[in-house]
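A.B. asks: Before I ask anything, here is the structure I am working with.
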Amino acid sequence: MELLSNSYFALFLIVALGFILGRIKIFGLSLDVSAVIFIALIFGHYGIVIPKDFQNLGLVLFIFTIGIQAGPGFFESFKKEGRQLASFATVLIVIAAAFTVLIVSVFKIDKNIAIGLLTGALTSTPGLAAAIDYTNSPLASIGYGVGYPFGVIGVILFIRFLPKILNISLKKSEEEFNSKIKEEFPEINRRNFFVENENIVGKTIGELRIRFMTKAVVSRVVHEGIAVTPTPETILHKGDLIKAVGTEEALKNVELLIGQPTEEEIPLDPKYDVRGVLVTNKEVVNKTIGQINLLYTYNATITRIRRSGINISPSPGSKLQFGDKLIIASSKANMEMVAKIFGDDQKRLSDTDILPVALGIILGVLVGKIGLNMGSFSFSLGLTGGVLVIALALSRIGKTGPVIWTMSGAANQLLRQFGLILFLAAVGSDAGAEIVKTFNEYGIQLFLFGGIITLFPMIIAALVGKWFFKMNVLSLLGAISGSMTSTPGLAAADSMTETNAHSIAYATVYPVAMVLLIVVVQLISLLL
(Lines give C-alpha, C1' and ligand atoms only; values in the text may rest on other atoms or scores of the structure.)
Protein backbone atom coordinates (compact mmCIF):
# COMPACT_ATOMS: atom_id res chain seq x y z
CA MET A 1 0.00 0.00 0.00
CA GLU A 2 1.44 3.33 -1.10
CA LEU A 3 0.31 5.17 2.03
CA LEU A 4 2.31 2.84 4.28
CA SER A 5 5.50 3.84 2.50
CA ASN A 6 4.98 7.28 4.01
CA SER A 7 6.81 7.07 7.35
CA TYR A 8 4.58 9.72 8.96
CA PHE A 9 1.40 7.92 8.01
CA ALA A 10 2.81 4.55 9.14
CA LEU A 11 4.02 6.07 12.43
CA PHE A 12 0.65 7.49 13.42
CA LEU A 13 -1.20 4.39 12.21
CA ILE A 14 1.01 2.30 14.54
CA VAL A 15 0.36 4.76 17.38
CA ALA A 16 -3.42 4.78 16.81
CA LEU A 17 -3.67 0.98 16.62
CA GLY A 18 -1.38 0.71 19.65
CA PHE A 19 -3.61 2.94 21.76
CA ILE A 20 -6.69 0.98 20.66
CA LEU A 21 -5.00 -2.31 21.63
CA GLY A 22 -3.66 -0.79 24.85
CA ARG A 23 -7.16 0.05 26.08
CA ILE A 24 -8.35 -3.56 25.87
CA LYS A 25 -8.44 -5.09 29.35
CA ILE A 26 -8.00 -8.82 30.03
CA PHE A 27 -8.49 -9.93 33.64
CA GLY A 28 -8.29 -6.28 34.61
CA LEU A 29 -4.91 -5.76 32.93
CA SER A 30 -4.10 -3.71 29.86
CA LEU A 31 -0.91 -2.82 27.99
CA ASP A 32 -1.74 0.92 27.76
CA VAL A 33 0.87 2.86 25.78
CA SER A 34 3.25 -0.13 25.78
CA ALA A 35 0.96 -1.79 23.20
CA VAL A 36 2.45 0.54 20.58
CA ILE A 37 5.62 -1.59 20.47
CA PHE A 38 3.67 -4.79 19.77
CA ILE A 39 1.83 -3.22 16.84
CA ALA A 40 5.18 -1.87 15.63
CA LEU A 41 6.72 -5.38 15.72
CA ILE A 42 3.99 -6.62 13.35
CA PHE A 43 4.49 -3.67 11.00
CA GLY A 44 8.28 -4.20 11.12
CA HIS A 45 7.89 -7.86 10.21
CA TYR A 46 6.05 -6.84 7.03
CA GLY A 47 8.79 -4.39 6.06
CA ILE A 48 7.31 -1.15 7.36
CA VAL A 49 10.14 0.31 9.46
CA ILE A 50 10.00 3.72 11.11
CA PRO A 51 13.23 5.71 10.49
CA LYS A 52 15.88 5.66 13.20
CA ASP A 53 15.70 9.46 13.54
CA PHE A 54 12.19 9.11 15.05
CA GLN A 55 13.59 6.65 17.61
CA ASN A 56 16.37 9.01 18.68
CA LEU A 57 14.05 12.03 18.78
CA GLY A 58 11.53 10.14 20.90
CA LEU A 59 14.27 8.76 23.14
CA VAL A 60 15.84 12.13 23.97
CA LEU A 61 12.46 13.78 24.60
CA PHE A 62 11.30 10.94 26.84
CA ILE A 63 14.54 10.66 28.82
CA PHE A 64 14.96 14.44 29.15
CA THR A 65 11.45 14.93 30.56
CA ILE A 66 11.89 11.94 32.90
CA GLY A 67 15.13 13.49 34.20
CA ILE A 68 13.56 16.94 34.64
CA GLN A 69 10.63 15.43 36.56
CA ALA A 70 12.67 13.04 38.69
CA GLY A 71 15.65 15.34 39.31
CA PRO A 72 14.69 16.97 42.63
CA GLY A 73 13.57 13.63 44.09
CA PHE A 74 16.57 11.79 42.60
CA PHE A 75 19.16 13.67 44.64
CA GLU A 76 17.18 13.23 47.85
CA SER A 77 16.61 9.56 47.05
CA PHE A 78 20.30 8.96 46.29
CA LYS A 79 21.22 10.36 49.70
CA LYS A 80 18.74 8.09 51.45
CA GLU A 81 18.37 4.98 49.26
CA GLY A 82 21.19 5.27 46.72
CA ARG A 83 23.27 2.49 48.28
CA GLN A 84 20.32 0.10 48.33
CA LEU A 85 19.35 0.84 44.72
CA ALA A 86 22.98 0.55 43.54
CA SER A 87 23.21 -2.80 45.34
CA PHE A 88 20.00 -3.94 43.62
CA ALA A 89 21.43 -3.06 40.19
CA THR A 90 24.64 -4.88 41.02
CA VAL A 91 22.72 -8.03 42.02
CA LEU A 92 20.71 -8.09 38.78
CA ILE A 93 23.64 -7.45 36.44
CA VAL A 94 25.98 -9.91 38.19
CA ILE A 95 23.25 -12.58 37.94
CA ALA A 96 22.78 -11.81 34.22
CA ALA A 97 26.56 -12.05 33.70
CA ALA A 98 26.66 -15.36 35.61
CA PHE A 99 23.93 -16.85 33.36
CA THR A 100 25.88 -15.65 30.31
CA VAL A 101 29.09 -17.34 31.51
CA LEU A 102 27.12 -20.49 32.37
CA ILE A 103 25.58 -20.63 28.86
CA VAL A 104 29.01 -20.25 27.25
CA SER A 105 30.53 -22.96 29.49
CA VAL A 106 27.74 -25.53 29.25
CA PHE A 107 26.40 -25.07 25.70
CA LYS A 108 29.68 -23.99 24.10
CA ILE A 109 28.10 -20.88 22.55
CA ASP A 110 30.63 -18.52 20.99
CA LYS A 111 31.56 -16.01 23.71
CA ASN A 112 31.17 -13.07 21.31
CA ILE A 113 27.58 -14.07 20.50
CA ALA A 114 26.96 -14.60 24.22
CA ILE A 115 28.26 -11.13 25.10
CA GLY A 116 25.96 -9.71 22.41
CA LEU A 117 23.09 -11.72 23.90
CA LEU A 118 23.81 -10.18 27.29
CA THR A 119 23.72 -6.62 26.00
CA GLY A 120 20.61 -7.33 23.89
CA ALA A 121 18.83 -9.07 26.76
CA LEU A 122 19.49 -5.97 28.89
CA THR A 123 18.59 -3.67 25.93
CA SER A 124 21.83 -1.72 26.39
CA THR A 125 23.11 0.11 23.32
CA PRO A 126 26.17 1.43 25.24
CA GLY A 127 26.78 -2.18 26.28
CA LEU A 128 26.65 -3.29 22.64
CA ALA A 129 29.10 -0.53 21.68
CA ALA A 130 31.44 -1.78 24.40
CA ALA A 131 30.95 -5.40 23.26
CA ILE A 132 31.85 -4.56 19.65
CA ASP A 133 34.85 -2.57 20.82
CA TYR A 134 36.20 -5.29 23.14
CA THR A 135 35.44 -8.33 20.96
CA ASN A 136 36.19 -6.83 17.53
CA SER A 137 33.64 -9.34 16.24
CA PRO A 138 30.39 -8.92 14.24
CA LEU A 139 29.00 -11.86 16.23
CA ALA A 140 28.33 -9.49 19.13
CA SER A 141 25.89 -7.55 16.94
CA ILE A 142 24.15 -10.79 15.94
CA GLY A 143 23.80 -11.81 19.57
CA TYR A 144 22.42 -8.36 20.38
CA GLY A 145 19.87 -8.69 17.56
CA VAL A 146 18.73 -12.05 18.92
CA GLY A 147 18.52 -10.95 22.57
CA TYR A 148 17.06 -7.49 22.02
CA PRO A 149 13.44 -8.29 20.94
CA PHE A 150 12.70 -10.40 24.00
CA GLY A 151 14.75 -7.96 26.08
CA VAL A 152 12.26 -5.26 25.08
CA ILE A 153 9.10 -7.37 25.22
CA GLY A 154 10.13 -9.47 28.23
CA VAL A 155 10.83 -6.47 30.46
CA ILE A 156 7.51 -4.84 29.50
CA LEU A 157 5.54 -8.02 30.26
CA PHE A 158 7.46 -8.66 33.48
CA ILE A 159 6.87 -5.10 34.67
CA ARG A 160 3.18 -5.30 33.78
CA PHE A 161 2.62 -8.61 35.59
CA LEU A 162 5.03 -8.25 38.54
CA PRO A 163 2.43 -6.81 40.96
CA LYS A 164 0.16 -9.77 40.17
CA ILE A 165 3.04 -12.26 40.50
CA LEU A 166 3.99 -10.86 43.91
CA ASN A 167 0.29 -10.50 44.83
CA ILE A 168 0.81 -6.83 45.68
CA SER A 169 -1.81 -4.13 45.24
CA LEU A 170 -0.49 -1.15 43.27
CA LYS A 171 -3.08 1.05 44.94
CA LYS A 172 -1.84 0.02 48.37
CA SER A 173 1.77 0.59 47.28
CA GLU A 174 0.85 4.07 46.06
CA GLU A 175 -0.78 4.76 49.43
CA GLU A 176 2.38 3.59 51.21
CA PHE A 177 4.54 5.79 48.97
CA ASN A 178 2.26 8.78 49.51
CA SER A 179 2.30 8.09 53.26
CA LYS A 180 6.10 8.13 53.19
CA ILE A 181 6.01 11.42 51.30
CA LYS A 182 3.68 12.81 53.96
CA GLU A 183 6.18 11.81 56.64
CA GLU A 184 8.87 13.77 54.81
CA PHE A 185 6.46 16.59 53.93
CA PRO A 186 3.78 16.52 56.67
CA GLU A 187 0.32 17.86 55.94
CA ILE A 188 -0.12 21.56 56.62
CA ASN A 189 -3.06 22.50 58.89
CA ARG A 190 -4.57 25.66 60.35
CA ARG A 191 -5.64 26.15 63.95
CA ASN A 192 -6.71 29.04 66.18
CA PHE A 193 -5.28 29.62 69.68
CA PHE A 194 -5.98 31.92 72.61
CA VAL A 195 -3.01 33.80 74.05
CA GLU A 196 -2.87 32.44 77.63
CA ASN A 197 0.81 31.99 78.52
CA GLU A 198 1.72 34.78 80.95
CA ASN A 199 5.37 34.55 79.88
CA ILE A 200 4.63 35.81 76.37
CA VAL A 201 2.00 38.46 77.17
CA GLY A 202 3.19 41.93 76.22
CA LYS A 203 5.95 40.64 73.96
CA THR A 204 6.17 41.05 70.19
CA ILE A 205 6.08 38.21 67.67
CA GLY A 206 9.63 39.15 66.70
CA GLU A 207 10.85 38.88 70.28
CA LEU A 208 9.20 35.51 70.71
CA ARG A 209 10.69 34.19 67.41
CA ILE A 210 7.55 32.13 66.91
CA ARG A 211 8.46 30.86 63.44
CA PHE A 212 11.88 29.71 64.64
CA MET A 213 10.63 28.21 67.90
CA THR A 214 7.59 26.38 66.54
CA LYS A 215 8.16 26.07 62.73
CA ALA A 216 4.63 27.47 62.28
CA VAL A 217 3.49 30.71 60.65
CA VAL A 218 1.15 33.12 62.46
CA SER A 219 -1.10 34.44 59.70
CA ARG A 220 -3.61 36.50 61.75
CA VAL A 221 -3.98 38.08 65.16
CA VAL A 222 -7.29 39.30 66.63
CA HIS A 223 -7.00 42.00 69.31
CA GLU A 224 -10.15 43.58 70.73
CA GLY A 225 -12.21 42.18 67.87
CA ILE A 226 -9.96 43.53 65.11
CA ALA A 227 -8.13 41.00 62.88
CA VAL A 228 -4.78 42.07 61.45
CA THR A 229 -1.93 40.54 59.47
CA PRO A 230 0.83 40.38 62.09
CA THR A 231 4.29 41.86 61.76
CA PRO A 232 7.37 41.20 63.94
CA GLU A 233 6.33 44.30 65.93
CA THR A 234 2.81 42.97 66.68
CA ILE A 235 2.36 42.70 70.47
CA LEU A 236 0.45 39.74 71.90
CA HIS A 237 -2.02 40.51 74.68
CA LYS A 238 -3.74 38.06 76.98
CA GLY A 239 -6.97 36.85 75.40
CA ASP A 240 -5.88 37.64 71.84
CA LEU A 241 -6.87 35.09 69.21
CA ILE A 242 -4.25 33.96 66.70
CA LYS A 243 -4.35 31.74 63.61
CA ALA A 244 -1.30 29.53 63.08
CA VAL A 245 -0.45 27.45 59.98
CA GLY A 246 1.95 24.50 60.04
CA THR A 247 2.42 20.77 60.49
CA GLU A 248 0.71 18.94 63.35
CA GLU A 249 3.99 18.93 65.27
CA ALA A 250 4.43 22.67 64.69
CA LEU A 251 0.90 23.40 65.91
CA LYS A 252 1.55 21.41 69.10
CA ASN A 253 4.59 23.61 69.66
CA VAL A 254 2.38 26.68 69.20
CA GLU A 255 0.00 25.31 71.83
CA LEU A 256 2.87 24.91 74.30
CA LEU A 257 4.14 28.43 73.60
CA ILE A 258 0.88 30.40 73.19
CA GLY A 259 -2.05 28.65 74.82
CA GLN A 260 -5.00 26.35 74.26
CA PRO A 261 -6.50 25.80 70.78
CA THR A 262 -10.06 26.94 70.18
CA GLU A 263 -12.84 26.25 67.70
CA GLU A 264 -13.71 29.96 67.68
CA GLU A 265 -13.39 31.32 64.17
CA ILE A 266 -11.57 34.49 63.30
CA PRO A 267 -14.00 36.87 61.57
CA LEU A 268 -13.12 37.79 58.01
CA ASP A 269 -11.96 41.34 57.70
CA PRO A 270 -13.28 42.87 54.45
CA LYS A 271 -9.85 44.45 54.01
CA TYR A 272 -8.08 41.11 54.50
CA ASP A 273 -7.45 38.47 51.81
CA VAL A 274 -6.06 34.93 51.60
CA ARG A 275 -5.47 33.47 48.14
CA GLY A 276 -3.29 31.17 46.07
CA VAL A 277 -0.65 32.82 43.90
CA LEU A 278 1.32 31.02 41.17
CA VAL A 279 5.07 31.47 40.80
CA THR A 280 5.45 32.28 37.10
CA ASN A 281 7.83 35.26 37.28
CA LYS A 282 11.33 34.12 36.29
CA GLU A 283 12.88 36.83 38.49
CA VAL A 284 11.80 35.16 41.74
CA VAL A 285 12.59 31.54 40.76
CA ASN A 286 15.40 30.12 42.92
CA LYS A 287 15.09 33.03 45.37
CA THR A 288 14.33 32.31 49.01
CA ILE A 289 11.27 33.63 50.83
CA GLY A 290 13.63 35.56 53.07
CA GLN A 291 15.20 37.34 50.10
CA ILE A 292 11.81 38.49 48.81
CA ASN A 293 10.91 39.81 52.28
CA LEU A 294 7.16 40.18 51.78
CA LEU A 295 6.40 40.76 55.45
CA TYR A 296 8.38 43.95 55.82
CA THR A 297 7.56 45.35 52.37
CA TYR A 298 3.88 44.44 51.96
CA ASN A 299 2.86 43.09 55.38
CA ALA A 300 2.07 39.78 53.64
CA THR A 301 2.76 36.24 54.84
CA ILE A 302 3.28 33.03 52.86
CA THR A 303 1.53 30.35 54.92
CA ARG A 304 2.24 27.33 52.71
CA ILE A 305 3.81 26.20 49.44
CA ARG A 306 2.03 23.74 47.17
CA ARG A 307 4.58 21.91 44.96
CA SER A 308 4.04 18.79 42.83
CA GLY A 309 0.95 17.88 44.84
CA ILE A 310 2.71 18.33 48.19
CA ASN A 311 2.08 21.01 50.82
CA ILE A 312 5.35 22.37 52.21
CA SER A 313 5.65 24.51 55.32
CA PRO A 314 7.56 27.65 54.29
CA SER A 315 10.63 29.02 56.02
CA PRO A 316 12.82 32.05 55.21
CA GLY A 317 15.28 29.66 53.52
CA SER A 318 12.68 27.97 51.26
CA LYS A 319 13.63 28.36 47.58
CA LEU A 320 10.81 29.02 45.13
CA GLN A 321 10.38 26.94 41.98
CA PHE A 322 8.53 27.75 38.78
CA GLY A 323 4.93 26.54 39.09
CA ASP A 324 4.78 26.66 42.91
CA LYS A 325 1.42 27.71 44.33
CA LEU A 326 1.81 29.99 47.34
CA ILE A 327 -0.97 30.54 49.87
CA ILE A 328 -0.55 34.17 50.90
CA ALA A 329 -2.27 36.21 53.60
CA SER A 330 -2.29 39.97 53.06
CA SER A 331 -4.47 43.05 52.95
CA LYS A 332 -6.55 43.35 49.80
CA ALA A 333 -4.80 46.62 49.04
CA ASN A 334 -1.43 44.88 48.87
CA MET A 335 -2.50 41.51 47.44
CA GLU A 336 -2.45 42.60 43.79
CA MET A 337 1.07 43.99 44.16
CA VAL A 338 2.18 40.78 45.87
CA ALA A 339 0.62 38.67 43.09
CA LYS A 340 2.52 40.69 40.46
CA ILE A 341 5.82 39.99 42.23
CA PHE A 342 5.29 36.24 41.77
CA GLY A 343 3.67 36.47 38.32
CA ASP A 344 0.43 34.57 39.01
CA ASP A 345 -0.07 34.01 35.28
CA GLN A 346 -1.96 30.79 34.58
CA LYS A 347 -1.40 31.13 30.82
CA ARG A 348 2.36 31.43 31.28
CA LEU A 349 2.31 28.32 33.45
CA SER A 350 0.59 26.32 30.70
CA ASP A 351 2.94 27.60 27.97
CA THR A 352 5.87 25.36 27.05
CA ASP A 353 9.21 27.08 26.55
CA ILE A 354 11.05 24.92 24.02
CA LEU A 355 14.40 26.75 24.38
CA PRO A 356 15.38 25.04 27.71
CA VAL A 357 14.38 21.66 26.24
CA ALA A 358 16.50 22.21 23.14
CA LEU A 359 19.50 23.54 25.09
CA GLY A 360 19.25 20.70 27.62
CA ILE A 361 19.16 18.00 24.94
CA ILE A 362 22.08 19.60 23.08
CA LEU A 363 24.13 19.56 26.30
CA GLY A 364 23.08 15.96 26.97
CA VAL A 365 24.12 14.76 23.51
CA LEU A 366 27.51 16.49 23.84
CA VAL A 367 28.13 15.07 27.33
CA GLY A 368 27.12 11.60 26.11
CA LYS A 369 29.86 11.73 23.48
CA ILE A 370 32.63 12.45 25.99
CA GLY A 371 34.76 9.32 26.35
CA LEU A 372 37.03 8.35 29.21
CA ASN A 373 39.99 6.17 28.26
CA MET A 374 41.85 4.34 31.02
CA GLY A 375 44.25 1.93 29.36
CA SER A 376 42.25 -0.94 27.91
CA PHE A 377 39.03 0.35 29.47
CA SER A 378 36.97 3.11 27.85
CA PHE A 379 33.61 4.50 28.85
CA SER A 380 31.09 7.09 27.69
CA LEU A 381 27.56 7.85 28.86
CA GLY A 382 26.10 7.57 25.36
CA LEU A 383 22.98 9.35 24.14
CA THR A 384 20.58 8.12 26.82
CA GLY A 385 23.01 8.48 29.72
CA GLY A 386 24.21 11.93 28.65
CA VAL A 387 20.69 13.34 28.28
CA LEU A 388 19.55 11.79 31.56
CA VAL A 389 22.52 13.08 33.57
CA ILE A 390 22.14 16.62 32.16
CA ALA A 391 18.36 16.64 32.78
CA LEU A 392 18.88 15.55 36.39
CA ALA A 393 21.51 18.25 36.90
CA LEU A 394 19.46 21.01 35.24
CA SER A 395 16.33 20.16 37.24
CA ARG A 396 18.46 20.47 40.37
CA ILE A 397 19.82 23.86 39.26
CA GLY A 398 16.32 25.08 38.34
CA LYS A 399 17.35 28.33 36.67
CA THR A 400 20.36 29.76 34.85
CA GLY A 401 20.00 33.48 34.16
CA PRO A 402 16.71 33.93 32.30
CA VAL A 403 16.43 30.23 31.40
CA ILE A 404 14.18 28.10 33.62
CA TRP A 405 14.98 24.41 33.26
CA THR A 406 11.93 23.04 35.07
CA MET A 407 8.54 22.87 33.34
CA SER A 408 4.93 22.53 34.34
CA GLY A 409 3.49 19.07 34.94
CA ALA A 410 1.17 19.32 31.92
CA ALA A 411 3.99 20.35 29.57
CA ASN A 412 6.26 17.61 30.89
CA GLN A 413 3.57 14.97 30.48
CA LEU A 414 2.78 16.03 26.90
CA LEU A 415 6.41 15.99 25.73
CA ARG A 416 7.11 12.74 27.58
CA GLN A 417 4.12 10.95 26.03
CA PHE A 418 4.98 12.27 22.56
CA GLY A 419 8.61 11.17 22.88
CA LEU A 420 7.58 7.79 24.22
CA ILE A 421 5.26 6.87 21.34
CA LEU A 422 7.91 7.89 18.78
CA PHE A 423 10.49 5.75 20.55
CA LEU A 424 8.27 2.67 20.95
CA ALA A 425 7.06 2.77 17.34
CA ALA A 426 10.59 3.03 15.91
CA VAL A 427 12.18 0.46 18.26
CA GLY A 428 9.37 -2.04 17.69
CA SER A 429 9.40 -1.79 13.88
CA ASP A 430 13.19 -2.09 13.82
CA ALA A 431 13.16 -5.23 16.00
CA GLY A 432 10.25 -6.70 14.02
CA ALA A 433 12.19 -6.41 10.76
CA GLU A 434 14.94 -8.73 12.03
CA ILE A 435 13.16 -11.11 14.36
CA VAL A 436 12.05 -13.73 11.78
CA LYS A 437 15.29 -13.53 9.79
CA THR A 438 17.36 -14.08 12.90
CA PHE A 439 15.16 -16.97 13.98
CA ASN A 440 15.50 -18.70 10.59
CA GLU A 441 19.26 -18.26 10.60
CA TYR A 442 20.13 -19.25 14.15
CA GLY A 443 17.16 -21.28 15.33
CA ILE A 444 15.23 -21.05 18.54
CA GLN A 445 18.17 -21.94 20.81
CA LEU A 446 19.70 -18.46 20.88
CA PHE A 447 16.29 -16.89 21.47
CA LEU A 448 15.84 -19.17 24.48
CA PHE A 449 19.25 -18.20 25.84
CA GLY A 450 18.45 -14.51 25.35
CA GLY A 451 15.12 -15.01 27.12
CA ILE A 452 16.86 -16.75 30.04
CA ILE A 453 19.36 -13.89 30.42
CA THR A 454 16.46 -11.41 30.38
CA LEU A 455 13.97 -13.22 32.57
CA PHE A 456 15.82 -15.13 35.30
CA PRO A 457 17.91 -12.20 36.60
CA MET A 458 14.72 -10.10 36.84
CA ILE A 459 12.90 -12.83 38.76
CA ILE A 460 15.75 -13.37 41.23
CA ALA A 461 16.42 -9.63 41.65
CA ALA A 462 12.68 -8.93 42.16
CA LEU A 463 12.55 -11.50 44.97
CA VAL A 464 15.73 -10.05 46.52
CA GLY A 465 14.30 -6.54 46.24
CA LYS A 466 10.99 -7.55 47.78
CA TRP A 467 12.14 -9.82 50.60
CA PHE A 468 15.72 -8.68 51.36
CA PHE A 469 15.69 -4.96 50.54
CA LYS A 470 11.99 -4.58 51.51
CA MET A 471 11.42 -2.28 48.52
CA ASN A 472 8.07 -0.72 47.69
CA VAL A 473 6.83 -2.37 44.46
CA LEU A 474 6.77 1.03 42.70
CA SER A 475 10.46 1.57 43.42
CA LEU A 476 11.03 -2.07 42.47
CA LEU A 477 9.47 -1.50 39.03
CA GLY A 478 11.73 1.49 38.42
CA ALA A 479 14.81 -0.29 39.76
CA ILE A 480 14.22 -3.30 37.47
CA SER A 481 13.70 -1.02 34.44
CA GLY A 482 16.84 0.95 35.30
CA SER A 483 18.95 -2.15 35.95
CA MET A 484 17.82 -3.60 32.62
CA THR A 485 18.51 -0.16 31.02
CA SER A 486 15.02 -0.53 29.58
CA THR A 487 13.23 2.67 28.55
CA PRO A 488 10.18 0.65 27.37
CA GLY A 489 10.14 -0.99 30.82
CA LEU A 490 10.07 2.44 32.42
CA ALA A 491 7.27 3.39 30.02
CA ALA A 492 5.27 0.34 31.13
CA ALA A 493 5.75 1.29 34.79
CA ASP A 494 4.92 4.91 33.99
CA SER A 495 1.49 3.92 32.66
CA MET A 496 0.69 1.88 35.79
CA THR A 497 0.98 4.54 38.48
CA GLU A 498 0.44 8.25 39.03
CA THR A 499 3.33 8.57 41.48
CA ASN A 500 6.94 9.22 40.43
CA ALA A 501 8.53 6.60 42.73
CA HIS A 502 9.45 4.42 39.74
CA SER A 503 10.99 7.35 37.82
CA ILE A 504 13.17 8.30 40.78
CA ALA A 505 14.36 4.69 41.21
CA TYR A 506 15.01 4.38 37.45
CA ALA A 507 16.98 7.63 37.35
CA THR A 508 19.03 6.50 40.37
CA VAL A 509 19.75 2.99 39.07
CA TYR A 510 20.24 3.60 35.34
CA PRO A 511 23.70 5.30 35.40
CA VAL A 512 24.98 2.69 37.88
CA ALA A 513 23.66 -0.20 35.76
CA MET A 514 25.13 1.21 32.56
CA VAL A 515 28.62 1.51 34.04
CA LEU A 516 28.41 -1.96 35.62
CA LEU A 517 27.31 -3.59 32.37
CA ILE A 518 30.18 -2.06 30.41
CA VAL A 519 32.64 -3.30 33.05
CA VAL A 520 31.03 -6.77 33.01
CA VAL A 521 31.22 -6.93 29.19
CA GLN A 522 34.92 -6.15 29.32
CA LEU A 523 35.57 -8.72 32.07
CA ILE A 524 33.74 -11.50 30.20
CA SER A 525 35.56 -10.71 26.95
CA LEU A 526 38.91 -10.84 28.78
CA LEU A 527 38.28 -13.90 30.97
CA LEU A 528 36.49 -16.33 28.61
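The values are calculated or read from the model by the stated rules, or taken from the named source; none is laboratory data. Keep in mind it's a predicted model, so treat the numbers as computed, not measured. A quick note on method: Cβ atoms are made from the backbone with ideal geometry, for glycine too, and the neighbour counts reach across all protein chains shown. Please note that ligands, DNA and RNA were not included when accessible areas were found on the heavy atoms of the full protein model with its side chains. Shrake-Rupley method; radii C 1.70, N 1.55, O 1.52, S 1.80 Å.
A.B. asks: Quickly run through the range 238-261 and pick out the residues that are farther than 15 Å from R209 by Cα, touching a residue at least 40 places away in the same chain (Cβ under 8 Å) and open to solvent by 30 Å² or more (accessible area, probe 1.4 Å).
C.D. replies: Listed by number, the residues that qualify are K238, G239, E248, E249, Q260, P261.
A.B. asks: Only one of (1) touching a helix residue (DSSP H, G or I) at 6+ places or on another chain (Cβ under 6 Å); (2) surrounded by fewer than 21 Cβ atoms within 10 Å (Cβ to Cβ); (3) part of a helix (DSSP H, G or I) is not met by Y510, so which one is it?
C.D. replies: (2)
A.B. asks: Oh, and also: Of the numbered conditions (1) of a type outside the set (A, V, I, L, M, F, W, C); (2) in a helix (DSSP H, G or I); (3) modelled with pLDDT under 80; (4) within 27 Å of the chain's Cα centre (by Cα), K466 satisfies every one except a single condition; which is it?
C.D. replies: Here K466 clears every test but (3).
A.B. asks: Could you give every pair whose Cβ atoms fall below 8 Å, whose first residue belongs to the range 359-384 and is in a helix (DSSP H, G or I), and whose second residue is of a type in the set (S, T, Y) and at pLDDT 75 or above, counting only separations of at least 6 or pairs across chains?
C.D. replies: T384/T485; T384/Y510
A.B. asks: Out of the residues in the range 228-256 that are assigned to a strand (DSSP E or B) and either under 17 Å from N299 (Cα atoms) or among the β-branched types (V, I, T) (or both), state the one that is modelled with the lowest pLDDT. Lay out the reasoning, then the answer.
C.D. replies: So the first thing to find is which residues in the range 228-256 are assigned to a strand (DSSP E or B), and the list is 228, 235, 241-246.
This time we only want the ones that are either under 17 Å from N299 (Cα atoms) or among the β-branched types (V, I, T) (or both), so: 228, 235, 242-245.
Working: V228: 78, I235: 89, I242: 88, K243: 87, A244: 86, V245: 82.
In this case the residue turns out to be V228.
A.B. asks: Another question, then. Counting only residues that are within 29 Å of T384 (Cβ to Cβ), touching a strand residue (DSSP E or B) at 6+ places or on another chain (Cβ under 8 Å) and open to solvent by less than 30 Å² (accessible area, probe 1.4 Å), how many does the range 324-370 have?
C.D. replies: 2
A.B. asks: Which residues, counting only those in the range 148-191, are at pLDDT 80 or above, closer than 15 Å to T485 by Cα and not hydrophobic (A, V, I, L, M, F, W, C)?
C.D. replies: G151, G154
A.B. asks: Going through the range 48-65 one residue at a time, which ones are more than 18 Å from T487 (Cα to Cα) and open to solvent by 60 Å² or more (accessible area, probe 1.4 Å)?
C.D. replies: Matches in the range 48-65: V49 only.
A.B. asks: Considering (1) assigned to a helix (DSSP H, G or I); (2) in contact (Cβ under 8 Å) with a residue 40 or more places away in the chain, say which one H502 fails and leave the rest.
C.D. replies: (2)
A.B. asks: Same structure, new question: Out of curiosity, is K470 open to solvent by 40 Å² or more (accessible area, probe 1.4 Å), over 28 Å from Y46 (Cα atoms) and free of Cβ contacts under 8 Å to residues at least 24 places away in the same chain?
C.D. replies: yes
A.B. asks: Output the residues belonging to the range 185-227 that are under 18 Å from S330 (Cβ atoms), open to solvent by 60 Å² or more (accessible area, probe 1.4 Å) and part of a strand (DSSP E or B).
C.D. replies: R190, I226
A.B. asks: So, one more: Across the range 381-439, what is the total count of residues that are closer than 21 Å to M484 by Cα and either open to solvent by less than 50 Å² (accessible area, probe 1.4 Å) or more than 15 Å from the chain's Cα centre (by Cα) (or both)?
C.D. replies: 27
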